[in-house]
Amino acid sequence: MSEPTTHQAHLCVLRTRVGLFVSMDNCELKPALSFEQQLDRLENFHHLTIGNKKVALRILKTVNYYRLTAYGIGLTKKDNKEEYREGVTLKTLYDLYVFDSKLRNLILPEIESVEIYLRTHISYILGMTYGPIGYLCSDNFIDQPIRRLNTTVHSRTMYKLEGEIERQRDLPFVRHHIENYDGKFPIWVASELFSFGTLSSLYWIMKPNDQRYVSNLFNVEPNRLYSWMLALLEIRNKCAHYCRLYNM
């Protein structure tokens, strides 16, 4: 969301990323609460057992109220979702938050190893089959349209690659290929600039024999590997942005 375009005493109009103008005059949003008010709301409105209030305030000052209370999903009363079940405490929510943090830290390195393995073998089969820059040619793939963007998966992938080359042009290996190879990036170099999502899209349009080379490494069919890649992509992004995994 961009900066306000109009700012008056009782009116604030914002332009959103999708071009909409939103008047804040009539928005029925909850008011901002102090940490003490947040604690009071948890205790007296949501009937959450607080315990030591000094510790509770320290927790609220460490972990955003909105983030913390997400760990209470499923812990409320069946007949009143606004109130927590008996025995559920602020420490219960905080312990779940700590568990989730540790879980993300355990999972992310494992996904990293799988992602690097996929980069290695996707770039290997494309390089060995079509040459260092054969990936630039859509004829070496079974391209798919992206109708909402009026483009194709291959074109979109190459567009994203160009953007990454420009964005990361000061990295030594990027600058090296710009200065010494006329900006040509062999697939084993280009793949290091792909996001995991872009890598997944490239795998999706690879020809069946190329896909099968990669999927055979996991002893699964190509479509099954692709579904795994999408699942790992979702989890990886949540881990990278500190989003909640627990109870998702």
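What spacing in nm lies between the two simple spin-label points modelled at ASN52 and GLU234, each 7 Å away from Cα in the Cβ direction?
Placing both labels 7 Å beyond Cα along the Cβ direction yields 3.9 nm.
Give me the Kirkwood hydrodynamic radius of region 140-219, using the inverse of the mean 1/r over all pairs of distinct Cα atoms, in Å to one decimal. Intermediate values should be presented prior to the final figure.
Details: mean 1/r = 0.0722 Å⁻¹.
The answer is 13.9 Å.
Would you work out what percent of the accessible area of the chain, with all protein chains in place, is carbon or sulfur (probe 1.4 Å)?
Working: 8620 of 16140 Å².
Answer for the chain is 53 percent, counting heavy atoms of protein chains only.
Helix-derived [θ] at 222 nm for the chain: sum -39500 (n - 2.57) over DSSP H runs of at least 4, divide by residue count, nearest 500? Each step should come with its number before you reach the end.
On the way: 10 runs with 132 residues, N = 248.
Result for the chain: -17000 deg cm²/dmol, rounded to the nearest 500.
Could you report region 71-141's accessible area per residue, 1.4 Å probe, as an integer in Å²?
On the way: 4120 Å² over 71 residues.
In whole numbers, region 71-141 has 58 Å² accessible per residue.
Output the relative contact order of the chain, whole-number percent, from Cα pairs under 8 angstrom with separation of 6+ residues.
Values: 226 pairs, mean separation 37.1, N = 248.
Dividing the mean separation by the residue count of the chain yields 15 percent.
Once the cut-off is 15 Å, how many percent of the Cα-Cα pairs in region 65-133 end up in the long-distance tail?
Values: 1612 of 2346 pairs.
Tail of the P(r) past 15 Å holds 69 percent of the pairs.
Report the rotationally averaged projected area of the chain based on its alpha-carbon convex hull, in square nanometres. Intermediate values should be presented prior to the final figure.
Working: hull surface 79.4 nm².
So the mean shadow area of the Cα hull is 19.9 nm².
Can you tell which of LEU29, PHE173, ILE50 lies farthest toward the positive end of the dipole of the chain, using +1 and -1 charges on the Cβ of basic and acidic side chains (Lys, Arg; Asp, Glu)?
Of the candidates, ILE50 comes out farthest on the positive side.
Which angle between 0 and 90 degrees, to the nearest 10, do you get for helix 35-44 versus the longest principal axis of the chain when only C-alpha atoms count?
Between the helix axis and the principal axis of the chain, the angle is about 70 degrees.
In the chain, what is the count of Lys pairs whose alpha carbons are under 20 Å apart, counting only pairs at least 8 residues apart or on separate chains?
12
Over the Cα atoms of region 85-184, Rg to Rh with Kirkwood Rh, two decimal places? Don't skip to the end; give the middle numbers.
Numbers: Rg = 21.3 Å, Rh = 17.7 Å.
Taking Rh as the inverse mean 1/r over Cα pairs, Rg/Rh reads 1.20.
State to the nearest 20 debye the size of the charge dipole of the chain about its Cα centre, where the only charges are +1 on K and R beta carbons and -1 on D and E beta carbons. All intermediate terms of the calculation are to be shown ahead of the outcome.
Working: 31 positive and 27 negative charges, 99 e Å.
Roughly 480 debye, rounded to the nearest 20.
Between ARG41 and LEU29, what is the spin-label point distance in nm, taking each point 7 Å from the Cα along the Cα→C-beta axis?
For ARG41 paired with LEU29, the spin-label model returns 1.2 nm.
The values are calculated or read from the model by the stated rules, or taken from the named source; none is laboratory data. A quick note: this is a predicted structure, and the numbers were derived from the prediction, not measured. Here the Cβ is made from the backbone with ideal geometry for all residues, glycine too, and neighbour counts use every protein chain on show. Note: areas computed on protein heavy atoms with side chains; ligands, DNA, RNA excluded. Shrake-Rupley method; radii C 1.70, N 1.55, O 1.52, S 1.80 Å.
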